[in-house]
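Report on the structure given below.
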Amino acid sequence: MIEEIAVLGSLGFFFSTLLVVMSKRFAVQMDERVERVRELLPGASCGACGFGGCDDFAEALVKDPSLLGNCRLMGADERRRAGALLGIEVKETWWMVANVRCAGGSKVLFDWVGEKTCSAASSLGEGVLACKYGCIGLGDCVRACPFGAIELRGNTPVVDEDKCRGCGLCVNACPRGVIKLIPKDAKVIIRCNSPEPGKVVAAACPNGCIACKLCEKACQVGAIKIENNLPVIDQSLCTSCGACVEACKRKVLVLRFPKPLATPHAS
Amino acid sequence: MLMKRGFRGGVHPLPNKLTSDKKIEKAKLPSRVVIPLRQHIGAPCDPVVEKGAKVKVGQKIGDSPAAVSAPVHSTISGTVSEISTQLLPTGDRVPAIVIEADDGDEWIETKGLDPEKASREEMISKIRECGLVGMGGAGFPTHVKLNPPKEKRIDTLIINGAECEPYITADHRLMLEEGEKIIEGAKIIAKILGVDNILIGIEDNKPDAIDNMDRLGGESVRVVPLKTRYPQGDERHLIKAILGREVPAGGLPFDVGVVVQNVGTTKAIYEAVTQGIPLVERVVTITGDVKESKNLLVRIGTLFSSLIQECGGPVGNTRKVIAGGPMMGFAQYVDVPVVKTTNCILVFSEERVREEEESPCIRCGRCIEVCPMGLMPTMLVKFTRAKKPEMCLEYNIMSCDECGCCAYVCPSKIPIVHVIREGKKAVRRLKK
């Protein structure tokens, strides 16, 4: 009995000493900041930062903290803490959100039977819609969003701006380029994507922009210019007075902030 | 008796060849034709006539300096009323010349060559001038096909009379009624290519055509009966079935010393070379849910609607109008013109069209069994939907011919060909 205890005990002591020595001697040197930064990253591995995923990005961040802005998904608090950890100062700015530049309503040319994706439905000829640029509404963007921020209402995708982190995966998924990222504080947005002249748009869709320039004339501060048959808004000049929105007969322009702006997120 | 040959995979859909004993009739002359300036693979033509110009039948109205292209000709005599963008049966929008007919049917003067005396170059340029393209479906310019690169030695000419798609009988009727012209045309092609071995592949569901061509062909042109199996008419499978040679992935029949021509094209080559007649009309099978199915000799540019009316109009509520066969044809949503490659117009009523909801893949492997290219459609669908184009490439997605056998047999009704097309698009983006 005593013998066994002695043998096993001494063996245990020998190996544990060995392990302790080995673990000290052959320890892998790792920057502990990598792990702590990684914990602050969102963990969606969306790839929008340009790296393979959050693990890769954390390693890159420790080497070059100026990349912090590349992650578009971090919450304001996490971003500030990560900045403190990496020793850089985090500026206050707005981030981007996805904006669907189509209100729907284009005439449908034919029934699409088969693979129910926007990409497939836009492959035959110029697609199922009379408007070559409009939203097809089969939800390629919905499937691309890692945050569940887009849902289809009827045939139009609607972005939940609280969930949207502006990663841009939906922008790439849309075969027609209907979705664009806009600054989260954009005051007036455009709900049409067709650069065709008014006559063509009017024939295809009741909701499309016909480039009538009423908005351009209505704007008191000269923030709107029609380019390529679509209004382009200089958000820095816009006072969100709503004159253009009122002037637009086809409801292409929408005022996003009838109520006072919320406080900006940190970036 | 010759041995019947086949290829790997394939399916055997109901033949439904309703018009195989209906003689080819001349269709009524259309009062208006829409002639697209691109009806072939390659560069579109530029118009060589202006709005308001008077044109005769066979007059060249569009041409292009590009190497891979074929001119287009007026198919009626009349006045050019507009040059505008029109829809092709394939869904593309291309510029087209619209001609309103006058009372007559005045042809331009045509002059043929004597195939015995004419040189190879003369015949090829005649074929180009007459605007010939492959009439089986793809529309590859014939003069390019007959002028293979110097380093490729061609030893065999195969005339494709397989016509494996259900419903279509245009080539079948041509072989019965214009067999002599096809044989003579084949001899002209053989002379151009400098080959002695001329074979005609015909599926064994057309015994009358096999007998007829066998009788007419004599010693010089041999008929090879083929097993009736879709897609026997795909040139790769035709070569495999007849000669046992396999066209390499991404390659062309040139690479194994073969040129394949469709019977319709062969007949057109005969007419172009010996009489100088441009490609202004072709045989189109109009069938499905119409009052009376017909094989019509149609002027190119005739609108589908007028041909359907000529067959007594649709029966029941039309759900689909398809240009081409039911397996690889294109469903139409507006009135489009017959082009050089339109071999069939199918009208399907609501009762005939089954549209079923897709259900999950049960991994039964039937698509793999039938794929004539030896691909694994089930994996291609999986990888495409998972957005993994690099894996699609590894599974040789680009070798897919989109014949549709996989989608035809799929018990879960997965639109496999649609998905594979998407996968190919993603692969092409990847390569950029």
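The values are calculated or read from the model by the stated rules, or taken from the named source; none is laboratory data. Treat the numbers as computed from the prediction; the structure is a model and nothing was measured. We place every Cβ from the backbone using ideal geometry, glycine too, and count neighbours over all the protein chains shown. Remember, those area values only see protein heavy atoms, side chains included, never the ligands or the DNA or RNA. Shrake-Rupley method; radii C 1.70, N 1.55, O 1.52, S 1.80 Å.
With respect to the conditions (1) away from chain A (no Cβ under 14 Å); (2) within 25 Å of residue B:420 (Cβ to Cβ); (3) open to solvent by less than 30 Å² (accessible area, probe 1.4 Å), residue B:366 falls short on a single one, namely (3).
Sub-8 Å Cβ pairs linking a first residue in region B:244-266 that is touching a residue at least 60 places away in the same chain (Cβ under 8 Å) to a second residue that is among the hydroxyl-bearing types (Ser, Thr, Tyr) and assigned to a helix (DSSP H, G or I), at least 6 apart or interchain, are B:249/B:399; B:250/B:399; B:261/B:142; B:265/B:142, ordered by first then second residue. Taking region B:127-165 as the range and being buried (at least 21 other Cβ atoms within 10 Å of the Cβ) and part of a helix (DSSP H, G or I) as the test, the residues that pass are B:127, B:142, B:143, B:145.
Is it true that some residue in region B:277-293 is open to solvent by less than 10 Å² (accessible area, probe 1.4 Å), at pLDDT 95 or above and assigned to a helix (DSSP H, G or I)? So far as region B:277-293 goes, no, none of its residues is open to solvent by less than 10 Å² (accessible area, probe 1.4 Å), at pLDDT 95 or above and assigned to a helix (DSSP H, G or I).
The residue that is farthest from residue A:127 (Cα to Cα), among those in region B:306-330 that are outside any loop (DSSP other than H, G, I, E, B) and open to solvent by 50 Å² or more (accessible area, probe 1.4 Å), is B:309. Within region A:107-154, restricting attention to residues that are assigned to a loop (DSSP other than H, G, I, E, B) and acidic (Asp, Glu), the residue that is farthest from residue A:196 (Cα to Cα) is A:115. Inside region A:130-164, residues that are away from chain B (no Cβ under 14 Å), open to solvent by 20 Å² or more (accessible area, probe 1.4 Å), under 26 Å from residue A:48 (Cα atoms) and touching a residue at least 40 places away in the same chain (Cβ under 8 Å) make up a count of 7. Within region B:166-177, which residues are of a type in the set (Asp, Glu) and either open to solvent by less than 50 Å² (accessible area, probe 1.4 Å) or closer than 16 Å to residue B:229 by Cβ (or both)? B:171 - this is the single residue of region B:166-177 that is of a type in the set (Asp, Glu) and either open to solvent by less than 50 Å² (accessible area, probe 1.4 Å) or closer than 16 Å to residue B:229 by Cβ (or both). Scoring residue A:259 on the criteria (1) modelled with pLDDT of 90 or more; (2) assigned to a loop (DSSP other than H, G, I, E, B) leaves a single failure, condition (1).
Taken residue by residue, region B:146-157 has no member that is touching a His at 6+ places or on another chain (Cβ under 9 Å) and either closer than 21 Å to residue B:116 by Cβ or among the acidic types (Asp, Glu) (or both). Across region B:87-120, the number of residues qualifying as open to solvent by 50 Å² or more (accessible area, probe 1.4 Å) and within 14 Å of chain A (Cβ to nearest Cβ) comes to 3.
Total residues in region A:106-116 satisfying the condition of being at the interface with chain B (Cβ under 7 Å from one of its Cβ atoms) and either crowded, with 22+ Cβ neighbours inside 10 Å or of a type in the set (Gly, Ala, Ser) (or both): the figure is 2. Quick check on residue A:118: is it within 20 Å of the chain's Cα centre (by Cα) and either under 17 Å from residue A:181 (Cα atoms) or touching a residue at least 60 places away in the same chain (Cβ under 8 Å) (or both)? Here the answer is no, as residue A:118 does not meet what is asked. For region A:175-188, filtering for residues that are open to solvent by 20 Å² or more (accessible area, probe 1.4 Å) and outside any loop (DSSP other than H, G, I, E, B) leaves 4. Step by step: first the residues of region B:392-432, then only those that are without any contact (Cβ under 8 Å) to a residue 40 or more places away in the chain, more than 14 Å from chain A (Cβ to nearest Cβ) and within 27 Å of the chain's Cα centre (by Cα), then the one that is surrounded by the most Cβ atoms within 10 Å (Cβ to Cβ). Which residue is that? Here the residue is B:397.
Among the candidates A:164, A:170, which residue alone is under 10 Å from the mean Cα position of the chain (by Cα) and either assigned to a helix (DSSP H, G or I) or β-branched (Val, Ile, Thr) (or both)? Show your work before the answer.
Working: A:164 fails: either assigned to a helix (DSSP H, G or I) or β-branched (Val, Ile, Thr) (or both).
Result: A:170 is the single residue among A:164, A:170 that is under 10 Å from the mean Cα position of the chain (by Cα) and either assigned to a helix (DSSP H, G or I) or β-branched (Val, Ile, Thr) (or both).
Look at residue B:227 and say whether it is of a type in the set (Lys, Arg) and crowded, with 24+ Cβ neighbours inside 10 Å. No: the conditions fail for residue B:227. For region B:189-218, a tally of residues being assigned to a helix (DSSP H, G or I) and open to solvent by 10 Å² or more (accessible area, probe 1.4 Å) returns 10.
Name the residues in region B:373-383 that are within 14 Å of another protein chain (Cβ to nearest Cβ) and either open to solvent by less than 20 Å² (accessible area, probe 1.4 Å) or of a type in the set (A, V, I, L, M) (or both), would you? Within region B:373-383, B:377, B:380, B:381 meet the criteria.
One residue is enough: does region B:344-359 have a residue meeting the conditions within 13 Å of chain A (Cβ to nearest Cβ) and without any contact (Cβ under 8 Å) to a residue 24 or more places away in the chain? Scanning region B:344-359, I find at least one residue that is within 13 Å of chain A (Cβ to nearest Cβ) and without any contact (Cβ under 8 Å) to a residue 24 or more places away in the chain, so the answer is yes. Just to be sure I understand, how many residues within region A:13-52 are surrounded by fewer than 15 Cβ atoms within 10 Å (Cβ to Cβ) and not hydrophobic (A, V, I, L, M, F, W, C)? Summing the residues that are surrounded by fewer than 15 Cβ atoms within 10 Å (Cβ to Cβ) and not hydrophobic (A, V, I, L, M, F, W, C) in region A:13-52 gives 13.
For region B:21-103, the strands (runs of 3 or more DSSP E) that sit wholly inside it and include 3 or more residues that are more than 23 Å from the chain's Cα centre (by Cα) and touching a residue at least 12 places away in the same chain (Cβ under 8 Å) are B:78-87, B:93-101.
Just one of the listed residues (B:49, B:11, B:57) is under 15 Å from residue B:130 (Cβ atoms), open to solvent by less than 50 Å² (accessible area, probe 1.4 Å) and of a type in the set (A, V, I, L, M, F, W, C), and it is B:57.
Here residue A:127 fulfils each of the conditions (1) under 20 Å from the mean Cα position of the chain (by Cα); (2) surrounded by 17 or more Cβ atoms within 10 Å (Cβ to Cβ); (3) not acidic (Asp, Glu) apart from (1).
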